Amino acid sequence: MSNPIHKVLIIGTVFPEPASSAAGSRMVQLIKAFSAQNYQITFASAAADSEFMVDLASLGVEKVSIKLNDESFDEYVKTLNPDLVLFDRFMTEEQFGWRVTEHCPDAIKVLDTEDLHCLRAGRQRAYKANEEFYLDDLLLEDVAKREIASILRCDLSLIISTYEMRVLKEIFVIDEALLLYLPFMLPGITPAIKAEWLPFEEREHFISIGNFLHEPNYQAVLYLKTEIWPLIRRKMPTAQVHVYGAYASDKVNQLNNVKEDFLIKGRAKDVNEVMGKAKVCLCPLVFGAGLKGKLVDAMQNGTPNVSTPIAVEGMREGLTWSGFVANTPKDFADDAVKLYENEDMWNKFQANGTTIINQLFDEKNWNAKFISTLKRLNQNIQEHRKYNFYGAMMQHHTQMSTKYLSKWIEEKNRV
């Protein structure tokens, strides 16, 4: 029988920025779940520090900087000897997974996918080529080959969306024992919280929000400006939309148009403040994957939304949505105007959002499921690995291209 989990090493693509992206918020949720078990947590990343990264020390987490393609990590991880290693997205597992396996073979390897990158990439490719996207197309995606290989090499992968669970099981035929559906883990919306929300008549303006390092968010704002906003303005000539997002580039800022009241606001210092003052959240995503943090922000602040089908994917699970779902620019604009002007409808959608947060994303429920799954896996890790034949095959030296590419770069860097 294995020893209890005590030491956890998280290897991050970047140091988490919960105020900048849903991915950053998700990582902090996982850290808090580990911390509640009194695990000793270390967060390591090869990324540079950021002005906006969370204070890991305040969460009781040790922060460590590591190097890519460098044998110094080998000695580090061997000395730390973690019981569990969490990889932040498959690219991190490609870089460090083989080193963990070599030097800490008993450590449980967990992959947090954040979202299915291959699904997002496939949809993006189809959108830009103006082609229909089919799930079977994923079988031809190079990113899918890398991402699925990473899932197979790990003992468990955290999947944030039920839709993506179905994709993995039905399209890629991944054994469900390797997957754990784990959505956002959120505190409940209480009557006291709702009492603090501004009412319909005190709200104003449309809002759109999203980190602009994420291509789907830029394309959504472009779609909003060129296809949807002119239709809204015809019916509401004085309407304003405030567009927030971290890391706005020049091409984003060039979309600002004061005359049209299409206002690029940049990074929101406090998303709850700006979302809580807005009347309607607009989320016209045209491609993407995973769960949408912006819609969580909207529901947590009592702000109904108008969204595209991709935006709400995996977020309602049979419950009535917290706004309208629209397929075309005309329907989207018509729904946005209708919602902005109809208080009864607005209040109904606000209540729906509270139900969704409280029923689908309850942190106590999902924290308990997450930790119990890890403990059960830890107790049966050898048996679990025995039946993951394809994962063992991926660890075999003939399939370890990531390892030998890294070693080649390591040697090249010595010269």
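Just checking, which of V306, V280, V312 is touching a residue at least 60 places away in the same chain (Cβ under 8 Å) and of a type in the set (V, I, T)? Answer to the check: V280. Considering the stretch 298-335, the residues that are part of a strand (DSSP E or B) and not hydroxyl-bearing (S, T, Y) include one that is nearest to L231 (Cα to Cα), namely V306. If you filter the stretch 176-204 down to residues that are under 20 Å from the mean Cα position of the chain (by Cα) and part of a loop (DSSP other than H, G, I, E, B), you find that the one that is farthest from A278 (Cα to Cα) is L182. Within the stretch 390-415, residues that are within 11 Å of N69 (Cβ to Cβ) and in the same structural domain as C154 (by TED's automatic domain parsing) reach partners that are polar (S, T, N, Q) and modelled with pLDDT of 70 or more with beta carbons closer than 6 Å, at six or more positions or on different chains, in the pairs S406/N69; I409/N69; E410/N69. Can you pull out every residue in the stretch 346-361 that is in contact with a helix residue (DSSP H, G or I) (Cβ under 8 Å, 6 or more places away or on another chain) and either surrounded by fewer than 18 Cβ atoms within 10 Å (Cβ to Cβ) or not β-branched (V, I, T) (or both)? W346, N347, F349, G353, F361 - these are the residues of the stretch 346-361 that are in contact with a helix residue (DSSP H, G or I) (Cβ under 8 Å, 6 or more places away or on another chain) and either surrounded by fewer than 18 Cβ atoms within 10 Å (Cβ to Cβ) or not β-branched (V, I, T) (or both). Just one residue in the set A177, A192 is free of Cβ contacts under 8 Å to residues at least 40 places away in the same chain, more than 20 Å from K294 (Cβ to Cβ) and among the aliphatic types (A, V, I, L, M); that residue is A192. Scanning the stretch 163-199 for residues that are surrounded by 15 or more Cβ atoms within 10 Å (Cβ to Cβ) and touching a Lys or Arg at 6+ places or on another chain (Cβ under 7 Å) returns F184, L198. Being under 17 Å from the mean Cα position of the chain (by Cα) and of a type in the set (V, I, T) is the filter here; which residues of the stretch 158-175 pass it? Once the filter is applied, which keeps residues that are under 17 Å from the mean Cα position of the chain (by Cα) and of a type in the set (V, I, T), the stretch 158-175 yields I159, I160, T162, V167.
There is no residue in the stretch 265-287 that is touching a helix residue (DSSP H, G or I) at 6+ places or on another chain (Cβ under 8 Å), surrounded by 19 or more Cβ atoms within 10 Å (Cβ to Cβ) and on the phi > 0 side of the Ramachandran plot. The residues on offer are E313, E343, E383, and the sole one that is exposed (fewer than 15 other Cβ atoms within 10 Å of the Cβ) and assigned by TED's automatic domain parsing to the domain that holds K235 is E343.
Picking from residues in the stretch 91-111 that are touching a Cys at 6+ places or on another chain (Cβ under 9 Å) and farther than 16 Å from K7 by Cβ, the one that is surrounded by the fewest Cβ atoms within 10 Å (Cβ to Cβ) is G97. With the structure loaded, tell me whether E71 is acidic (D, E) and at pLDDT below 95 or whether it fails that test. Criteria met by E71. When A33, A23 are screened for being crowded, with 17+ Cβ neighbours inside 10 Å, in contact with a helix residue (DSSP H, G or I) (Cβ under 6 Å, 6 or more places away or on another chain), in contact (Cβ under 8 Å) with a residue 60 or more places away in the chain and within 30 Å of Y244 (Cβ to Cβ), only A33 passes. Checked against the criterion of being hydrophobic (A, V, I, L, M, F, W, C), closer than 30 Å to H103 by Cα and at pLDDT 95 or above, the candidates L360, L374 yield just one match: L374.
Is there a residue being surrounded by 20 or more Cβ atoms within 10 Å (Cβ to Cβ) and part of a strand (DSSP E or B) anywhere in the stretch 218-240? So far as the stretch 218-240 goes, no, none of its residues is surrounded by 20 or more Cβ atoms within 10 Å (Cβ to Cβ) and part of a strand (DSSP E or B).
Here V221 meets the list (1) closer than 30 Å to K348 by Cα; (2) more than 22 Å from the chain's Cα centre (by Cα) almost entirely, failing just condition (2). Considering every residue within the stretch 139-157, establish whether at least one is outside the structural domain of S21 (by TED's automatic domain parsing), exposed (fewer than 15 other Cβ atoms within 10 Å of the Cβ) and within 22 Å of the chain's Cα centre (by Cα). For the stretch 139-157, residues outside the structural domain of S21 (by TED's automatic domain parsing), exposed (fewer than 15 other Cβ atoms within 10 Å of the Cβ) and within 22 Å of the chain's Cα centre (by Cα): absent.
Of all residues assigned to the stretch 277-289, at least one qualifies as being assigned to a loop (DSSP other than H, G, I, E, B), over 30 Å from F133 (Cα atoms) and not hydroxyl-bearing (S, T, Y).
Here is a check on your reading of the model: is L295 assigned to a strand (DSSP E or B) and not assigned by TED's automatic domain parsing to the domain that holds C118? No.
The residues in the stretch 339-375 that are farther than 20 Å from A326 by Cα, assigned to a helix (DSSP H, G or I) and of a type outside the set (A, V, I, L, M, F, W, C) can be counted, and the count is 12. Of the helices (runs of 4 or more DSSP H) lying entirely inside the stretch 38-132, those containing at least 1 residues that are under 25 Å from the mean Cα position of the chain (by Cα) and either among the basic types (K, R) or under 24 Å from E147 (Cα atoms) (or both) are 90-103, 117-128.
In the condition set (1) without any contact (Cβ under 8 Å) to a residue 12 or more places away in the chain; (2) over 30 Å from W408 (Cβ atoms), M53 is compliant with all but (1).
The values are calculated or read from the model by the stated rules, or taken from the named source; none is laboratory data. Please read all numbers here as calculations on a predicted model, not as lab measurements. Every residue, glycine among them, receives a Cβ derived from its backbone with ideal geometry; neighbour counts consider all protein chains shown.
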